[in-house]
Each structure stands twice: as structure tokens, then as C-alpha cells.
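One structure is given here, and the rest of the page talks about it.
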Amino acid sequence: MEQLLRKWDGEEVIIRFDKLTGAWIIIAIHNTRLGIGTGGTRMKSYQTLQDALQDAMNLSEGMSYKYAVSNFSRGGAKAVIALPHNFDSTKRADLLRRYGKLIHQLGGLFETGPDVGTSPDDMDIISETGDPYIFCRTPQKGGAGDSGPATALGVFSGMQAVCEQLFNDPSLKAKRVLVQGTGSVGYPLIQLLLEAGAEVLFSEIDEAAVTQLRNNNKLTFVHPDTIFETPCDILAPCALGGILNKDTIPRLKCLAVAGGANNQLAEPADAERLSGRQILYAPDYAINIGGAMAIIGMETMGWSQAEADQHVASVRQTLKHIFAIAKAEGINTDVAARRIARSRLFGKA
Ligand code: PHE
């Protein structure tokens, strides 16, 4: 853990042990040069505390790059609530209230919204003690609700840039898209793709969700074990991170990867592996800003839903710019995006 903290280029990490549940609360603030540290709260179990810390650090760094590459005035941060394996879910609401209190005590150093394992309902509970630093409360509680649909809209706009690059035509009509994960981002993304006339394949590990989606005869189910070798135009990872790595990349049969999950690459070298296979990669932090952008805009800048959608559609231009730089400089798209973000985060490329 000491090694991890020493070599991290972020600003600070706040760690609290919640004695009443055995959960660890970790808030990682990566870079606040562009604004207040803002990122979702991920709640799940980890193998070790170190894994949880590492995840929080990686995810908060991802948020810094996310805002920077899109020139959005927020700083990178993320929270992880690492639950014990025997977590008693009846204690969940009180844990969230104690977490909210911690956020309140930080006095504006960190603002949060939902992420994997948390929802707008959870944000309502956290905001009981954490106000006014909580995004995505339910509309009944005065919030803008779930960020998933806006993230999906941004991913969809990014896919248009991908199609433009691949086929000289932004339309997704008749394009074969495999969506991995049908949660708060994957599900609305599937709807947008169907509306656009794409051929949609989906993969999901949750049995109940699979059964429900299988009722839709427009969708084709892909078993989670065969995701990587299934031929498609675009693979859209919308579940957990690390899925693009030295084992999976050689198996891919897609032309592009463009999806909403955070931290899709297991390591930076994977971007080079993808470009080595001529697979166009839409850097995750560039394509998945939609949710954060729309919600922050609506809740703090008075954007209407229509204005938010318009801003989110700028993901397409951001990606076009990244692809153009990558091509002009002969570098992969991840390196190109990082270069843009770094110049804004650290004042140098
Ligand atoms: N899960 C969102 C993301 O990764 C987090 C978020 C939502 C942050 C809403 C701020 C507001 O971008």
C-alpha cells in the first residue's frame, strides 16, 4: 500500500474504516487543477484492501483524464466503498449515511454521483448527510436522476465518430454492435442502437437480465465466454474494467472498441496491442463522459435536458479530434487522447 501511494501522481487519498460494518471507504482525489474533485462512488467487495485502493486510484485518474480531454471544468476523483464479503445489507443505508457525513466534513473537496454498485436511490440516502455535494439524486429529491442514459448517449455519439472513421459514414444502420453489460449504461445504449437500425448483440452475466432481454427478438444473446471471439463491427464494453488485455486482444474479431466502461485497458500497452491489430479504440475516458457532463451541467449550470443532450453529443467531435491527431502523428488513439488531457492537467504534453 505504501508503494502504491508513493508512486501515485494524484493529490491525496482519504481512507476511513467503518467499524460498524467492516467496510472501507476510500476517496481518491487525483487532480483538481481544472475544478472540484468529482467522481462516482463504486461499492463492491474486493479481494484485498490494496485492490480497492488501487481501483480507487485508477478510477480517479480516469476521471481527471475524462474531464480534461473534453475540456470540462472538474477535477478527477472517485470513491470506493469496499464491502466485507459477509456484508449485512440491512446496514447499507446507515453505512451510506456515515459516508455522506464524511463527504460533508470534507467541505467541498469531493463531490460524488453513482457508479457501479450505487444508484440514484443511494444518492438520496447519502445526501441526507452529505448535502450539497451529491449528484444524481432522484427527481423526487430534486436531483437529475440516473447518469446512465446520458453516458449511453455520449457513447452512441462516439460510435458515430468511429463509424465515420471506419466507413466514412457516421450512421450505425446495419452495423453489428456487441454490447457487453446491460446495466445503467448498456441498456439505454442498446435502445439507441436499435433506434438507429444497428444489429445489436448483447452479453450479460446476470441471469434475470438475460432472460428479460432474450424476449426481445431483435437482440442476439452472446455467451460471456465467447464475447471476444464474436465477429462484430464495434465491441462496446459497458461492464467492469480491465477487459482489454494481452489475452483478450489477440482474440478480438471487431473493427473497433467503443463502450462506456471505465478503465477498459488492463495496462497502457494494450492500446498499442489494439492498434497493432488495426482495431480502432475509442479511449474510454473520452467516450464515457456523457453522464457526468450532463448531470453536472443540469445540476450546477442550469442546463435543460435538451442542452445537456447537445453538450453530450460533443463526444463525437472530441473523438474525431483524437482520431485525427493519432493519424497525423502516427500514434495510437490512447496516447493521442492522453496527450491532449495531460497538456490541460499538467500544463505539458
Ligand atoms: N459513474 C460516473 C462516471 O464514471 C460518475 C459520475 C456521475 C460523476 C455523475 C459525476 C456525476 O463518469
(1) within 16 Å of the ligand (Cβ to nearest atom); (2) not in a strand (DSSP E or B) all hold for Leu53 apart from (1)
Out of (1) crowded, with 18+ Cβ neighbours inside 10 Å; (2) over 27 Å from Gly113 (Cα atoms), the one Leu153 does not meet is (2)
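The rows are residues; the columns are (1) within 18 Å of Ser157 (Cα to Cα); (2) part of a helix (DSSP H, G or I); (3) within 12 Å of the ligand (Cβ to nearest atom).
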| site | (1), (2), (3) |
| --- | --- |
| Arg273 | no, yes, no |
| Ile295 | yes, yes, yes |
| Ala306 | yes, yes, no |
| His321 | yes, yes, no |
| Arg344 | no, yes, no |
Counted residues in segment 73-122 being open to solvent by 20 Å² or more (accessible area, probe 1.4 Å), within 12 Å of the ligand (Cβ to nearest atom) and out of contact with any Ser or Thr (no Cβ under 6 Å at 6 or more places or on another chain) come to 4
In segment 194-226, anything in contact with a helix residue (DSSP H, G or I) (Cβ under 9 Å, 6 or more places away or on another chain) and open to solvent by less than 40 Å² (accessible area, probe 1.4 Å) is listed as Ala196, Ala198, Val200, Phe202, Ser203, Glu204, Ala209, Leu213, Leu219
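Does at least one position in segment 165-185 carry a residue that is more than 10 Å from the ligand (Cβ to nearest atom), open to solvent by 20 Å² or more (accessible area, probe 1.4 Å) and in a strand (DSSP E or B)?
Checked against the condition, which is being more than 10 Å from the ligand (Cβ to nearest atom), open to solvent by 20 Å² or more (accessible area, probe 1.4 Å) and in a strand (DSSP E or B), segment 165-185 yields at least one hit.
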Within segment 1-25, the residues that are part of a strand (DSSP E or B) and either over 13 Å from Gln50 (Cβ atoms) or of a type in the set (A, V, I, L, M) (or both) are Glu12, Val13, Ile14, Ile15, Arg16, Phe17, Asp18, Ala23, Ile25
For segment 26-42, the count of residues that are in a strand (DSSP E or B), in contact (Cβ under 8 Å) with a residue 60 or more places away in the chain and either open to solvent by 50 Å² or more (accessible area, probe 1.4 Å) or away from the ligand (no atom under 12 Å from the Cβ) (or both) equals 3
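Taking the criterion of being surrounded by 20 or more Cβ atoms within 10 Å (Cβ to Cβ), assigned to a strand (DSSP E or B) and out of contact with any helix residue (DSSP H, G or I) (no Cβ under 9 Å at 6 or more places or on another chain), would at least one residue in segment 234-243 satisfy it?
Yes.
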Fill in: Meets criteria (under 20 Å from the mean Cα position of the chain (by Cα) and of a type in the set (Val, Ile, Thr)) for Ile296
yes
With the first residue restricted to segment 219-239 and required to be farther than 22 Å from Ala161 by Cα, and the second required to be open to solvent by 40 Å² or more (accessible area, probe 1.4 Å) and not hydroxyl-bearing (Ser, Thr, Tyr), Cβ contacts under 6 Å at 6 or more apart or on different chains are Phe221/Arg214; Pro224/Ile205; Phe228/Arg251; Glu229/Arg251; Glu229/Lys253
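The values are calculated or read from the model by the stated rules, or taken from the named source; none is laboratory data. Everything quoted here is computed from the prediction, not taken from an experiment. Note that we place each Cβ from the backbone using ideal geometry, even for glycine, and neighbour counts take in every protein chain shown. Just the protein is used for accessible areas: all its heavy atoms, side chains included, with ligands, DNA and RNA removed. Shrake-Rupley method; radii C 1.70, N 1.55, O 1.52, S 1.80 Å.
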